[in-house]
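Working notes, beginning with the structure itself.
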Amino acid sequence: MAADDLAVAETLARDALAMDRNQVDALNVLAIATCRRRNYRDALDFVQRALKRAPDSGQLHMNRGNILRESGDAAGAVESLRRAIVLDKTLEAAHFNLGLALVDMGDDGAAADAFERFLGTPTDSERLMELAQRLRHLSRFDAMAVVLRRAAQRSETDHRLQSDLAMALLELGRPDLAEEPIRRAVELAPDVALVHRNLATVLLEQGRLSEALASAHHSLGLDPSRHETLCLVAVVHAALRAPDEANAAFLRARTMAPDDALTALRHGMMLLATGDFTQGLPLLERRLDDSRILPWDRLDRMTRWRGEDLAGRSILLHAEQGHGDAIQFVRYASVLNRRGAQVHVVCHPGLARLFASVEGVASVSKLGAPLPDCDYFAPMMSLALAVGTTLATVPAQVPYVGAAQDATGAWATRFEDDGRRRVGLCWAGNPEYGTDRRRSIPAPLLRPLIDVEGLHLISLQKTPAGSSPTYPNAGLALTDWTHELEDFADTAALISTLDLVISVDTSVAHLAGALGRPVWLLNRFDTDWRWGWQGDHSPWYPTMRIFRQPVSGDWTSVIADVVEALAANSRT
């Protein structure tokens, strides 16, 4: 049901409940509506009230199961959905949603059976592939992989199934598991360009850059017409830090597909990594071709700011992308305030208190809340372009965020005055981020830090246990107060008491840099554009020192360099 139609139905349902507070259809509509708004408690209350009136309704049990699945209760969802199927065998969608819930529970075999019952019998590989594509559109790559595995078992000689399975596993962040099916696809179809391109993508994600480049070139030889393959060649050259080759391939790909936003965006990030802000920043704007980046319908009453005079005007800076991106670019709030603007910020809830400390910010709203009326708005990552930033003019005055003195003082009292240096550690980012496997460090590799004398190691790692292979601490002797950190303002207060922060490329590194605290960045070989390709310092954060992988995947050398630097630090 479309959002507008659902809103009308919700209004009618509430009117109906005013006359009969247990009207089943009205309660069901309200359950669906509140679930769409992620208000699962009220949604469950509505559907439970409806079930008291109609306990044998398969539709209501299915809706209850869907709400439970959305809320994260996969086991409860499975129970309700199975009950719905028993009560009403015509509910095809119940089998589909049961499959999703079983995937969430990790029961892949039962999930595949449920998906097949959704499709009906007999189920051939083509129909399973169609279902897999439907799951792709829903971004349910976990369920997509389950379906494709079943299809691949049915048709072991279909290279498309093997290739699609590899790509689904890649989307799940498992390039290690993706290699077997993509190699099988290459064996089955050695003359098909797409499977070689997919093999190159898998190898790229594994950090095997030279092999990835060879496979990409092989694909290009089989089909020179594909701009996507040329773009991949360019990306691998960029990962290998070969700017001339990367730039040439990007230009050819963009000539072949001038309207392709992703190719232009990747070209822009490569140029930015080399320090070319003049050409790179305009191409970075192509990220906004994705309409999901910003709530454009809520911003349409304001004019997008592109560098106009702001004296006496108001502007809304809208956060986008991740927490680290927002921390990096909120610095421009002070720049615009000094130009005479009244600056308002909308950001992730966990950043709201922190951003209220930025000089020149008049108000902070959380994403999803009502927006203040302003003359202009700007996507936060577009501010560098609108201001005319170059590599030499990055506004790098730090600190530009602050920590509450009372909170900082409270943290300071937790430490013993024993002369040890207080060093905060963060070794993993958000596991849902595409490159997290390459930027995060398995915690056991950090053990050499324990042997450095005079350190008090403090965990800044908020990754939940079990969500990343880098967690738990694997024997690291850490003081861990992270369960007390509710938002980035709390983390800022703790960091402000530390002598040094050592972090991978995640929001903690940005926060320490924005606070003007000493921070050492442990950086992967295929670095993000903002850290550049060379040097041990960052134009964005004057207090940052960068330790780079000498070759892709080599964290051991990085940790050895850090240990040496810590030991040298203790002697000075």
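Would you check which residues across region 17-56 are within 29 Å of the chain's Cα centre (by Cα) and either outside any helix (DSSP H, G or I) or basic (Lys, Arg) (or both) and list them?
ARG36, ARG37, ARG38, ASN39, ARG41 - these are the residues of region 17-56 that are within 29 Å of the chain's Cα centre (by Cα) and either outside any helix (DSSP H, G or I) or basic (Lys, Arg) (or both).
Closer than 22 Å to ALA352 by Cα, at pLDDT 95 or above and acidic (Asp, Glu): which single residue out of ASP325, ASP276 fits that description? Write out each step before concluding.
Values: ASP276 fails: closer than 22 Å to ALA352 by Cα.
Going through ASP325, ASP276 in turn, just one is closer than 22 Å to ALA352 by Cα, at pLDDT 95 or above and acidic (Asp, Glu): ASP325.
Find all pairs meeting these conditions: Cβ atoms under 7 angstrom apart; at least six residues apart or on different chains; first residue within region 40-67 and surrounded by fewer than 19 Cβ atoms within 10 Å (Cβ to Cβ); second residue among the β-branched types (Val, Ile, Thr).
If the second residue must be among the β-branched types (Val, Ile, Thr), the pairs left are TYR40/ILE67; ASP42/THR34; ARG53/VAL24; ALA54/VAL24.
When the residues of region 505-530 are narrowed to those that are over 21 Å from GLU320 (Cα atoms) and among the hydrophobic types (A, V, I, L, M, F, W, C), which ends up modelled with the lowest pLDDT?
PHE525
Looking at region 220-275, what helices (runs of 4 or more DSSP H) fall wholly within it and have at least 3 residues that are open to solvent by 60 Å² or more (accessible area, probe 1.4 Å) and of a type outside the set (A, V, I, L, M)?
Here the list reads 243-256.
Are any residues in region 333-360 touching a strand residue (DSSP E or B) at 6+ places or on another chain (Cβ under 7 Å) and not aliphatic (A, V, I, L, M), and if so, which ones?
Listed by number, the residues that qualify are ASN337, GLN342, HIS344, CYS347, PRO349, PHE355, GLY360.
Residues that are surrounded by fewer than 17 Cβ atoms within 10 Å (Cβ to Cβ), at pLDDT below 95, assigned to a loop (DSSP other than H, G, I, E, B) and of a type in the set (A, V, I, L, M, F, W, C): does region 404-411 have at least one?
yes
Of the residues in region 323-347, how many are within 17 Å of HIS510 (Cβ to Cβ) and buried (at least 19 other Cβ atoms within 10 Å of the Cβ)?
Number of matching residues: 12.
With the checklist (1) assigned to a strand (DSSP E or B); (2) touching a Lys or Arg at 6+ places or on another chain (Cβ under 6 Å); (3) not β-branched (Val, Ile, Thr) in hand, flag the one item PHE547 doesn't pass.
Tallying (1) assigned to a strand (DSSP E or B); (2) touching a Lys or Arg at 6+ places or on another chain (Cβ under 6 Å); (3) not β-branched (Val, Ile, Thr), PHE547 fails exactly one: (2).
Is region 466-488 home to any residue that is modelled with pLDDT under 85, surrounded by 21 or more Cβ atoms within 10 Å (Cβ to Cβ) and in a loop (DSSP other than H, G, I, E, B)? Lay out the reasoning, then the answer.
Within region 466-488, the first condition is being modelled with pLDDT under 85, and the residues that meet it are 466-477.
From the residues that got through so far, the ones that are surrounded by 21 or more Cβ atoms within 10 Å (Cβ to Cβ) too are 468, 470.
Now restrict to residues that are in a loop (DSSP other than H, G, I, E, B): 468, 470.
There is at least one residue in region 466-488 that is modelled with pLDDT under 85, surrounded by 21 or more Cβ atoms within 10 Å (Cβ to Cβ) and in a loop (DSSP other than H, G, I, E, B).
Determine which single condition ASP191 fails, assuming it passes every other condition in (1) outside any helix (DSSP H, G or I); (2) crowded, with 17+ Cβ neighbours inside 10 Å; (3) over 28 Å from the mean Cα position of the chain (by Cα).
(2)
For the condition modelled with pLDDT of 95 or more and under 25 Å from ARG149 (Cα atoms), what is the one hit in VAL103, VAL78?
VAL78
Looking at this structure, is ASP325 in contact with a strand residue (DSSP E or B) (Cβ under 9 Å, 6 or more places away or on another chain) and among the charged types (D, E, K, R)?
no
Could you please tell me which pairs satisfy a Cβ distance under 6 Å, a separation of 6+ or placement on different chains, a first residue in region 409-428 that is touching a residue at least 60 places away in the same chain (Cβ under 8 Å), and a second residue that is open to solvent by 50 Å² or more (accessible area, probe 1.4 Å)?
Sorted first by the residue in region 409-428, then by its partner, the pairs are ARG421/ASP499; ARG422/ASP499.
Evaluate the following for ASP561: is it in a helix (DSSP H, G or I), more than 28 Å from MET270 (Cα to Cα) and either open to solvent by 30 Å² or more (accessible area, probe 1.4 Å) or among the β-branched types (Val, Ile, Thr) (or both)?
no
The values are calculated or read from the model by the stated rules, or taken from the named source; none is laboratory data. Quantities reported herein were computed from a predicted structural model and do not represent experimental measurements. Every residue, glycine among them, receives a Cβ derived from its backbone with ideal geometry; neighbour counts consider all protein chains shown. Each accessible area value is taken on the protein alone, full model and side chains, heavy atoms only, with ligands, DNA and RNA left out. Shrake-Rupley method; radii C 1.70, N 1.55, O 1.52, S 1.80 Å.
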